[in-house]
1. Show the residue pairs meeting these rules: Cβ distance below 9 Å; 6+ apart or different chains; first residue within segment A:219-236 and free of Cβ contacts under 8 Å to residues at least 24 places away in the same chain; second residue assigned to a loop (DSSP other than H, G, I, E, B).
2. Across segment B:229-250, what is the number of residues that are within 16 Å of residue B:74 (Cα to Cα) and surrounded by fewer than 21 Cβ atoms within 10 Å (Cβ to Cβ)?
3. Just need a number here: residues in segment A:178-207 that are touching a strand residue (DSSP E or B) at 6+ places or on another chain (Cβ under 8 Å) and within 7 Å of chain B (Cβ to nearest Cβ).
4. Return only the number of the condition from (1) in contact with a strand residue (DSSP E or B) (Cβ under 9 Å, 6 or more places away or on another chain); (2) surrounded by fewer than 22 Cβ atoms within 10 Å (Cβ to Cβ) that residue A:210 does not satisfy.
5. Please state which one of A:111, A:132, A:122 is within 15 Å of the chain's Cα centre (by Cα) and without any contact (Cβ under 8 Å) to a residue 60 or more places away in the chain.
6. Give the residues of segment B:237-247 that are free of Cβ contacts under 8 Å to residues at least 12 places away in the same chain and more than 7 Å from every other protein chain (Cβ to nearest Cβ), sorted by residue number.
7. For the list (1) within 19 Å of the chain's Cα centre (by Cα); (2) more than 18 Å from residue A:128 (Cβ to Cβ); (3) free of Cβ contacts under 8 Å to residues at least 12 places away in the same chain, I need the number of the one condition that residue A:173 fails.
8. Got at least one residue in segment A:115-129 being out of contact with any helix residue (DSSP H, G or I) (no Cβ under 9 Å at 6 or more places or on another chain) and closer than 24 Å to residue A:236 by Cβ?
């Protein structure tokens, strides 16, 4: 990949952008990492931690010399930033992103790239409830799955470059349609976050001392950035609503079994859930 | 405590009973740990791992020489076992338990102990989704909270013995009414388990590969023993149903905010949840 992307620009230098910068440098995949961020404070924190070769607050100037631009900003700003940035990119530049939702982004970007500039949507299934460049981890993407969501107009060459970019970082890559991605992730990622937040939100302060590891683990995601997650839920509204309703119906089955004292039905539900959980692939 | 309980009998030698045996021996708090279990397989696995000084399959014989008996069996069998066992205990024996629900147990036991034998309900907020003596951990109770739930007839001496027992094991002790305990734990422990199971139960197999650490952590509890948890939900039915309804109402608020595109309401909900989660005491 080294000859394809000597300069990578990272737009949004939080946990994901910072981790990406670290991994690109440590694996010697790039000559130069340029970082940009709408928030000057975040950009200087990333610089202080030595994550970037160059910090350029202006988006247009930051992407001008890049071979690959990776958008690591909240999902509700990625598309607009990509369109704005693309006007400043040289032909041959690949744009991609790490957003947790894909349909809204790839649809908004579709047909808006200048000739020779490609956008390929991406989503590494990696992250943390923590925010900010100080939580960057050099191994954040290692062994993780990255979903790429090409559209009908994505060229094989652009898709291959995006795939190579992530493979070089030690990730696995899977290709999915954006709609299919959003539908699945609504259940496997967005719903867990929402459920964690609901659970945390109903804890009366006087019972905080009566929580243990079970409550802590089940609600860990609720510590995530409200701004980031609000955007994800809004951006993937229909699939998230469907996932919530799926959850509600299943919860009602548990409730009915408990209310009726139907021990057999309850055990069957718990057995099914355990079988699925025990069968999940390891990290 | 050493002079008060030279012999401790552990009824039910799974993860909790096994961990208790390990900790009692390592801290040299007892001369002898006798273990008993309805399941001969479990008892021999505990013996094989060297957790017990003596294994006695017969409950009556196992408790006959004990100074303290700790019931570590599923919550739906503790009360009956305590009543049966008490007839074989010497006067001066303290009976206690580690059950996750308390009202049903202390109510069933109330007034059923022979003269000189005391029962004090207890619940260490410690455990794991794993089951069986092979997962025993010597430090399982260290720094953890143990809730004791005395009734109107519990003597101060019995309560003090139970408190000393857990303090000696490095736990913290809090005294609560059984009903208050059950009401709080329905939300802080039983509901998280149920929510984890619901979430796990609705995962289509074809999306298992699209889960990451968020889904894994949020559903960890779903790997717990269905038999044990079925008993907990049934035993604490009313409080669990209330907790479910509390959750459902709050979930509906999230759903409404997402459906209406009410970004401000959504962010407020997520902010509240984050504040509560971030404020939880560490392990």
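1. Qualifying pairs under 9 Å: A:219/A:203; A:219/A:211; A:219/B:280; A:230/A:74.
2. Final tally of qualifying residues: 2.
3. Kept after step one, since they are touching a strand residue (DSSP E or B) at 6+ places or on another chain (Cβ under 8 Å), are these residues of segment A:178-207: A:178, A:181, A:185.
Retained after the next criterion (residues that are within 7 Å of chain B (Cβ to nearest Cβ)): A:185.
The number of residues fulfilling the criteria is 1.
4. The failed condition is (2).
5. The match here is A:122.
6. So the first thing to find is which residues in segment B:237-247 are free of Cβ contacts under 8 Å to residues at least 12 places away in the same chain, and the list is B:237-238, B:241, B:245.
Once the filter is applied, which keeps residues that are free of Cβ contacts under 8 Å to residues at least 12 places away in the same chain and more than 7 Å from every other protein chain (Cβ to nearest Cβ), segment B:237-247 yields B:238, B:245.
7. (3)
8. No: zero hits.
The values are calculated or read from the model by the stated rules, or taken from the named source; none is laboratory data. Everything quoted here is computed from the prediction, not taken from an experiment. Every residue, glycine as well, gets a Cβ built from its backbone with ideal geometry; the counts of neighbours run over all protein chains shown.
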